[in-house]
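Please read the structure below before turning to the comments.
The values are calculated or read from the model by the stated rules, or taken from the named source; none is laboratory data. Treat the numbers as computed from the prediction; the structure is a model and nothing was measured. Ideal geometry is used to build each Cβ from the backbone, glycine not excepted, and the neighbour counts take in all protein chains shown. Accessible surface is based on the protein model in full, side chains and every heavy atom, while ligands, DNA and RNA are left aside. Shrake-Rupley method; radii C 1.70, N 1.55, O 1.52, S 1.80 Å.
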Amino acid sequence: MTTSEWKKYCLENTLKFLESKYSTANIFIVRAVRIIHELTEYDNFLRPGQCIMHMRTLLSNATHQLSKSSSGESKDLPIILLGFSKGVLILNHLVAELGTLLSSKKPSIIEDWQDPNYKVSLPHWEPSLRIKRTCTSSSCLVKDEVNIIKFLDKVEAIHWIDGHRFPTNPIVLEPFAKWTNRSTNNTKVFLHTSPRQIKDHRRKWIREEYEKFVECLKENKALLVEKHYFGDQPGSFESHFKVLEDFVTDALSSRKRREMRSR
């Protein structure tokens with residue numbers, strides 16, 4: 001991609017893409033804590049026990065600044081979470097923390113989102129390897145359980161947008177999937193993919209993890225929407241980033257409308 005093509009997907013332009021899809025929403029883009037060799041890192045979200053509460057605090061503070069009131073985040077404000085490319089690691093950690101909190105097994109440590117029985121060979125530069133994700137007591141979640149559930153029950157949709165890692169640990173996936181049905185908003189899970197990720201033969205783990213993720217979500221009756229883009233094209237950075245422009249926000253409703261028209 002040329003410099004001008006990269007600039008097309010800068011944070012400011014990405015905001016415009018999202019504004020065209022969510023015209024009545026307050027939109028917050030979280031900048032990576034650092035960028036090393038063009039790879040984004042989100043250390044502040046990826047440490048076990050910090051993801052959900054850090055997200056909640058950021059949103060509360062940002063909304064407070066907008067409203068200039070002391071009430072913090074609006075009780076009536078629905079939330080839609082989106083993670084793009086390596087940003088989906090934050091969503092994976094959210095699944096791990098929420099799944100740990102809701103698990104009937106009541107684990108004493110925060111479970112990892114990756115299945116410990118699933119061995120995957122990753123390149124040394126993969127950012128998900130850099131954060132120690134295990135051996136953190138789950139007590140830090142339990143003490144904030146009321147606030148965590150209250151916050152997440154406002155989430156009406158979660159979008160994995162052309163991600164490169166997906167949760168595979170059934171211990172956290174099963175309670176997470178069931179939560180999507182019993183949350184206040186019946187939270188929908190959207191998975192948007194392009195050949196750049198899902199058909200990359202050099203990174204076979206992406207499709208393997210994707211299929212395990214989808215299988216577990218379906219087995220546990222999650223409100224799931226799969227959407228594939230540019231399937232007739234070879235994988236490229238261009239198509240990877242173009243998913244940001246083209247991803248569908250109401251795929252579930254669109255499918256229902258098509259089913260109704262076909263009857």
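Here the extension length gained between residue 27 and residue 147 equals 41.0 nm, from 0.36 nm per residue of separation less the Cα-Cα distance. Pick from 124, 192, 54 the residue whose mean-square fluctuation is largest in a GNM of the chain, springs joining Cα atoms under 10 Å. With Cα springs under 10 Å in the chain, the top fluctuation among 124, 192, 54 is at 124. Here's how it looks for residue 82: its modeled amide H is under 5 Å from those of 159, which are all 5 or more places away or on a different chain. The overall shape of region 85-197, judged from the alpha-carbon gyration tensor, is oblate: a/c is not under 1.5, and a/b is no greater than b/c. Using 1/(1 + (r/R0)^6) with R0 = 35 angstrom and r between the beta carbons of residue 211 and residue 135, what's the FRET efficiency to the nearest 0.05? Here the calculated transfer efficiency is 0.75. For region 125-216, with all protein chains in place and a probe radius of 1.4 Å, 50% of the accessible heavy-atom surface sits on carbon or sulfur. Partners of residue 7 within straight-line reach, counting lysines whose Cα lies under 30 Å from its Cα and excluding those fewer than 8 residues away in the same chain: 16, 21, 86, 199, 204, 227, 242.
In the list (i) 50, 48, 46; (ii) 61, 57, 33; (iii) 81, 52, 42, the label attached to Cα extents along the principal axes in Å as derived from the coordinates here is (i). Largest GNM mean-square fluctuation across 109, 171, 35, computed for the chain with C-alpha springs under 10 Å, falls on 35. 3J(HN,Hα) along region 171-181: 4, 9, 5, 4, x, 5, 4, 5, 4, 4, 7 Hz, from the Karplus curve 6.51 cos²θ - 1.76 cosθ + 1.60 with θ = phi - 60°, whole Hz, x for Gly and Pro. Each residue of region 215-221 is assigned a 3J(HN,Hα), and the resulting list reads 4, 5, 5, 5, 4, 9, 6 Hz, derived from the Karplus form 6.51 cos²θ - 1.76 cosθ + 1.60 (θ = phi - 60°), x at Gly and Pro. Give the accessible surface of the chain per residue, rounded to a whole number of Å², with probe radius 1.4 Å and ligands, DNA and RNA excluded. Ligands and nucleic acids excluded, the result is 53 Å² per residue. Put simply, the amide H of residue 188, placed in the peptide plane, has neighbours under 5 Å in 157, 158, leaving out anything fewer than 5 places away on its chain.
Note on exposure: 119, 106, 199 ranked by accessible area (1.4 Å probe, complete protein assembly) read 119, 106, 199, with the most exposed listed first. Counting heavy atoms of the protein chains alone, residue 24 has an accessible area of about 140 Å² for a 1.4 Å probe. Between residue 65 and residue 13, the modelled label-to-label distance comes to 2.5 nm, taking each label 7 Å out from Cα in the direction of the beta carbon. Near the amide H of residue 109, within less than 5 Å, lie the amide hydrogens of 138, all on another chain or at least 5 residues away, with H placed in the peptide plane.
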